[in-house]
Each structure stands twice: as structure tokens, then as C-alpha cells.
Amino acid sequence: MCTHIVSPVEIAMYSVRCSLYPAVLVAVFIGYTATTPADPLLTYPLRIKNHEIRAEVANTEEGRRRGLMFRDRLGDNSGMVFSYPEVGVNAMWMKNTRIPLSVAFTDRNGRILNIEDMEPFSEQAHASAGEAAYALEMNRGWFSKRGIKAGDRVEGLQRLPPPQ
């Protein structure tokens, strides 16, 4: 028969280990969730004719260049708004973009100039029909399904971060 005498120090160490275990688990969980990628970019609320949109913002050169490339899907009322540093005739293409999209080019006041449907992976340029300050990309057909057309207004653009 073997007996093991437990010292007061061993008892204290066991107590400390047991009380620290939950704290360590919480710290590991917080560290994991802090490094787990969430939404790729912040989203901002926009509205067109009472239709709510959550839009990611591409307001930097890199953000505008990447856009929605390499994405597999886009939420039903989600999109990406491109904010241009120079108002003018702006254009975009779909190289490396897997999702069929529609784009609405707007002036600085949010008035839609034109809407274009775009094919995935196409290098065909789609240009604004006038002096565009923004372009809003949504799933293809989103605008037409809601009766949104040139002349309608995108609300909320003035709250976006400025283009860089």
C-alpha cells in the first residue's frame, strides 16, 4: 500500500491551478475571437426608395482596385460603394470577380446617372454616363427588381468616409 502525503504547498498550487483554469480559457477565447476575421470591411447604411442597403466602402486606391474580387457571394441587401477622389467619367471591370453584379454610378448628390449589369470575370469596361463621384455595386438585378433606375437618389453617401 502506498500513501502519499499532500503538503499544504501542493494543496495551494492545486487551488491556484483550478481557479486559473477558467480565466485561461476566457483569455484564450478572447484572443481567438479578436484575431478571427469578421466582416472584411465596415459597412454603412444607405437607402434608395425606402430600400435599406449595408454597403462596404472602397475609398482608397487599394480598396477600389480590389473591390469585390475573389468573393464567392454577397448578401441580399449588401453591396460595395466606391468613392472616387476625382468626380468624372469613371469605369470599372469584373476581372477576378466571381459574383454577377449591377453597378449604379451616381453624382456627388447621390443621383443615379446609369446602371450597368456586369458579367463575372469580364474585362469589359463599364463607364458612368456622366460625372460620377460614387459607384454602388449590388448583386446583379438588385436595382431592376426594386424598380430603381437612373434619376433615383442614393441616400447616406454624405456620411461615408472621404475618398483617399
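The values are calculated or read from the model by the stated rules, or taken from the named source; none is laboratory data. Since we're looking at a predicted model, the values are computed, not measured. Positions of Cβ are generated from backbone atoms using ideal geometry, with glycine treated the same way; all protein chains shown enter the neighbour counts.
Candidates ARG64, ARG17: the one that is of a type in the set (D, E, K, R), more than 25 Å from the chain's Cα centre (by Cα) and either modelled with pLDDT under 95 or not in a loop (DSSP other than H, G, I, E, B) (or both) is ARG17. Counting only residues that are touching a residue at least 40 places away in the same chain (Cβ under 8 Å), of a type in the set (A, V, I, L, M) and in contact with a Pro (Cβ under 8 Å, 6 or more places away or on another chain), segment 90-128 holds 1 of them.
Of ASN77, ASN59, all but one fail to be at pLDDT 95 or above and in contact with a Pro (Cβ under 6 Å, 6 or more places away or on another chain); the exception is ASN59. Comparison of ASP72, ASP39 shows that the only residue that is in contact with a strand residue (DSSP E or B) (Cβ under 9 Å, 6 or more places away or on another chain) and at pLDDT below 95 is ASP39. The set of residues from segment 65-76 being surrounded by 15 or more Cβ atoms within 10 Å (Cβ to Cβ) and out of contact with any Ser or Thr (no Cβ under 8 Å at 6 or more places or on another chain) comprises ARG66, LEU74. Residues that are within 13 Å of ILE48 (Cβ to Cβ) and either exposed (fewer than 15 other Cβ atoms within 10 Å of the Cβ) or over 22 Å from the mean Cα position of the chain (by Cα) (or both) are absent from segment 119-142 altogether. Take the conditions surrounded by fewer than 19 Cβ atoms within 10 Å (Cβ to Cβ) and either assigned to a helix (DSSP H, G or I) or modelled with pLDDT of 95 or more (or both) and apply them to GLU52. Does it pass? Answer is yes for this residue. Being within 14 Å of ARG47 (Cα to Cα), outside any strand (DSSP E or B) and touching a residue at least 24 places away in the same chain (Cβ under 8 Å) is a property that holds for PHE143. Restrict the check to segment 64-79 and report whether at least one residue is aromatic (Phe, Trp, Tyr) and farther than 15 Å from ALA135 by Cβ. Within segment 64-79 (the criterion being aromatic (Phe, Trp, Tyr) and farther than 15 Å from ALA135 by Cβ), the answer is yes, since at least one residue qualifies.
The residues of segment 88-124 that are of a type outside the set (S, T, N, Q) and under 12 Å from VAL154 (Cα atoms), listed by number, are ALA104, PHE105, ASP107, ARG108, GLY110, ARG111, ILE112, LEU113. Whether a residue is touching an Asp or Glu at 6+ places or on another chain (Cβ under 7 Å), at pLDDT 95 or above, surrounded by 15 or more Cβ atoms within 10 Å (Cβ to Cβ) and within 19 Å of ALA150 (Cα to Cα) was assessed, and ALA104 does not pass this test. The test for being closer than 21 Å to LEU42 by Cα, over 19 Å from the mean Cα position of the chain (by Cα) and either part of a loop (DSSP other than H, G, I, E, B) or touching a residue at least 40 places away in the same chain (Cβ under 8 Å) (or both) does not hold for PRO162.
Restricting to segment 84-113, name every residue that is assigned to a strand (DSSP E or B), touching a helix residue (DSSP H, G or I) at 6+ places or on another chain (Cβ under 9 Å), within 21 Å of LYS49 (Cα to Cα) and not β-branched (Val, Ile, Thr). Matches in segment 84-113: LEU101, SER102, ALA104.
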